[in-house]
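Trainee: Quick one: structure below, then a few questions.
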Amino acid sequence: MSKKNNFFLFFIFYFVFYSFAFSDDKAINVLCYHKFSTGQEVTENKKKQDVFSISAELFEQHLKFLKDNGYNVISMKKYLSFLDGVESIPDNSVIITIDDGYKSIYDIAFPLLKKYNFPATVYIYSVFFGGRNNLNENNIKEMAKYGIDIGCHSYTHPILTKRKSSWSDEEYISFLEKEIVKSRIYLESKLKMPLETFAYPYGLYSKDVIYIIKKAGYRAAFSVVSGINTQETSRYSLHRTMIFNSTGIESLKKILNKKPIKVKDIYPADSDVLEDRTPEIRAYFIADTNINTATIKIKLNNKELKDVNYDSLSKKVSCYHKKSLLDGAYVATICAKGLQGGEYEFSWLFVIGKPSDKGLY
């Protein structure tokens, strides 16, 4: 066979493989859990319930629902290979993540994950590791043998986007390096295993934070900005949906059935840090054929904004936030109903505050 034909066949194979691995319908839901409790603990503490702590019974209902309804719970390793273009993932893929490192992960969640043969990723932070009510080294090593991946959740679990007004750029970067770089070095040395992904404390990130994440060598990082991950989602601002003790099966169905809105040219840009306190919030739909455009809404930190405008010709959706925003992180969400029913959504995060000098990068 000629070199020309060999090259042609290679090109066809590569195109088919790449199209398969990164097809538009590969929408990935990532669920974020925290703590687990027994039925007795839930009953005894009804008046002081921790919304982040779900019962063993409810967690098993979630796992059973995923198993019985054709969802494919995949490992973080497989997802990273997918992001790298090395392998494909099945339709209806879901990832289970669990933050902070409470002992209840080992005592309650881990036996149930083994029962259903589901992988998961546990995110731990350095100063919370090894305490009386927290995971220890032996717990983590045992879970790792059964397909539980471990990721980093910072050193002290601070708000990484919260920069002190007295800090210089260099001082802020030093703070981020301690939380993101030092934590990885410390945990990897203790556990003798690689921690390849990061979960932002409180789910908050910015361009400065992402810069240090990349510098530290993480392969991906997760927020708690709800939504569906598609091929357009940055691997350093991946979506996760928080699971609470009120997330019953019907709520879980709604989470898993949501569809992504494909947009471009969003403003403020995802992870941007800006000083404009009354920004225009806007995006352009790539396509709106399945969207009931009369139902389009924009929310900021889950509060619906007024005077939203949608231009069907340019496919631009926009509104101005007329009230001055305070310093802090904001999640913008565009949502709408589908023409055939169902819910569509796209969310991103930006920060109001002092941007760092770009020269640092």
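The values are calculated or read from the model by the stated rules, or taken from the named source; none is laboratory data. Owing to the predicted nature of the structure, the values given are computational and were not obtained by experimental measurement. Here the Cβ positions follow ideal geometry from the backbone for every residue, glycine too, while neighbour counts run over all protein chains shown.
Trainee: Restricting the search to the stretch 156-179, which residues are touching a Leu at 6+ places or on another chain (Cβ under 9 Å), under 28 Å from Y106 (Cα atoms) and not acidic (D, E)?
Mentor: Those that are touching a Leu at 6+ places or on another chain (Cβ under 9 Å), under 28 Å from Y106 (Cα atoms) and not acidic (D, E): I159, L160.
Trainee: State whether one or more residues within the stretch 175-194 are in contact (Cβ under 8 Å) with a residue 12 or more places away in the chain, within 23 Å of the chain's Cα centre (by Cα) and more than 18 Å from K214 (Cβ to Cβ).
Mentor: Within the stretch 175-194, one or more residues are in contact (Cβ under 8 Å) with a residue 12 or more places away in the chain, within 23 Å of the chain's Cα centre (by Cα) and more than 18 Å from K214 (Cβ to Cβ).
Trainee: Which pairs have Cβ atoms under 8 Å, sit 6 or more apart or on different chains, and link a residue in the stretch 340-358 that is more than 18 Å from Y267 (Cβ to Cβ) and not assigned by TED's automatic domain parsing to the domain that holds D327 to one that is in a strand (DSSP E or B) and not hydrophobic (A, V, I, L, M, F, W, C)?
Mentor: none
Trainee: Now a separate question. Mind listing whichever residues of the stretch 261-280 are within 21 Å of F222 (Cα to Cα), assigned to a strand (DSSP E or B) and charged (D, E, K, R)?
Mentor: Once the filter is applied, which keeps residues that are within 21 Å of F222 (Cα to Cα), assigned to a strand (DSSP E or B) and charged (D, E, K, R), the stretch 261-280 yields only K264.
Trainee: Another question, if that's okay. Being surrounded by 15 or more Cβ atoms within 10 Å (Cβ to Cβ), of a type outside the set (K, R) and either in contact with a Phe, Trp or Tyr (Cβ under 6 Å, 6 or more places away or on another chain) or in the same structural domain as Y236 (by TED's automatic domain parsing) (or both) is the requirement here; does Y125 meet it?
Mentor: In short, yes.
Trainee: In the stretch 268-302, what residues are free of Cβ contacts under 8 Å to residues at least 60 places away in the same chain and basic (K, R)?
Mentor: R282, K297, K299
Trainee: Let me ask something else. Please state which one of N133, N138 is touching a Lys or Arg at 6+ places or on another chain (Cβ under 7 Å) and over 18 Å from F222 (Cβ atoms).
Mentor: Just a single option satisfies the conditions, and that option is N133.
Trainee: Let me ask you something else. Restricting attention to the stretch 157-214, which residues are among the hydroxyl-bearing types (S, T, Y), within 24 Å of L80 (Cβ to Cβ) and in contact with a helix residue (DSSP H, G or I) (Cβ under 9 Å, 6 or more places away or on another chain)?
Mentor: S183, Y186, T197, Y200, Y205, Y211
Trainee: Restricting the search to the stretch 311-337, which residues are more than 15 Å from P279 (Cβ to Cβ), small (G, A, S) and surrounded by fewer than 18 Cβ atoms within 10 Å (Cβ to Cβ)?
Mentor: S312, S314
Trainee: Would you check if E170 is in contact (Cβ under 8 Å) with a residue 60 or more places away in the chain, of a type in the set (D, E) and loosely packed, with under 15 Cβ neighbours inside 10 Å?
Mentor: Details: in contact (Cβ under 8 Å) with a residue 60 or more places away in the chain: yes; of a type in the set (D, E): yes; loosely packed, with under 15 Cβ neighbours inside 10 Å: yes.
When the stated conditions are applied, E170 passes them.
Trainee: Give, as residue ranges, the helices (runs of 4 or more DSSP H) completely inside the stretch 114-214 that count at least 1 residues that are within 24 Å of V351 (Cβ to Cβ) and hydrophobic (A, V, I, L, M, F, W, C).
Mentor: Result: 169-177.
Trainee: Among the listed residues A221, A283, which satisfies the condition of being more than 26 Å from K78 (Cβ to Cβ), part of a strand (DSSP E or B) and touching a strand residue (DSSP E or B) at 6+ places or on another chain (Cβ under 6 Å)?
Mentor: None of the other options fit; the residue is A283.
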